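Visitor: Sharing a structure below in C-alpha cells format, with a few things to ask.
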Amino acid sequence: MSLAIKHDDNSLTITADGVVVVSGTRVSLDLIIAAFTSGATAEEIAQQYPTVHLADVYAAITYYLRHRDEVDAYIAQRRQQAERVRAENEGRLDPHGIRDRLAARRTSAT
C-alpha cells in the first residue's frame, strides 16, 4: 500500500478586513508567529489559544518558515497600520489625563 500525499492546507484564511487568521477561529497569524519567534513551542501556543488545534499551529508555523519574507512583510505592514490607527485615535482623544477624566466622570455620576 502506498501513501497518497494530499495538499489540504486550508488552515489559514484571510478575513474581509485582510487579516490572516487560523481557519474557524479569530486567532491571527500575527499572534502565532509572535509567540513562536518569542520561543514558544507549538504545544504551548495551542494551550494559549484553545480554539486552535495543534495541527493548525504547526501548519501556521510551517507556512511562516516556508514564506518567511512574505509573512514578515505582512506583519510589518500590520504593525504600521496599527500604529496609524493608534495615532488617529490618540489625535481624537488625548490619552494624557484619561484616568483623571474618568474618575471625575464617575464622581459626577454618583
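Visitor: Which of (1) under 27 Å from the mean Cα position of the chain (by Cα); (2) surrounded by 10 or more Cβ atoms within 10 Å (Cβ to Cβ); (3) not small (Gly, Ala, Ser) is the odd one out, the single condition Asp69 does not satisfy?
Guide: Failed condition: (2).
Visitor: What pairs come up if the first residue lies in segment 1-29 and is charged (D, E, K, R), the second is at pLDDT 90 or above and part of a loop (DSSP other than H, G, I, E, B), and their beta carbons are under 8 Å apart, counting only those six or more places apart or on different chains?
Guide: Arg26/Thr51
Visitor: Here is a follow-up. Consider segment 1-57. How many of its residues are loosely packed, with under 13 Cβ neighbours inside 10 Å and of a type in the set (A, V, I, L, M, F, W, C)?
Guide: Result for segment 1-57: 8.
Visitor: State which residue is nearest to Leu12 (Cα to Cα) when the search covers only segment 30-72 and only residues that are in a helix (DSSP H, G or I) and of a type in the set (Phe, Trp, Tyr).
Guide: Tyr63
The values are calculated or read from the model by the stated rules, or taken from the named source; none is laboratory data. This one's a predicted model, so the numbers in the text were calculated from it and none came from an experiment. Heads up, the Cβs are rebuilt from the backbone with ideal geometry, glycines too, and the neighbour counts pull from every protein chain shown.
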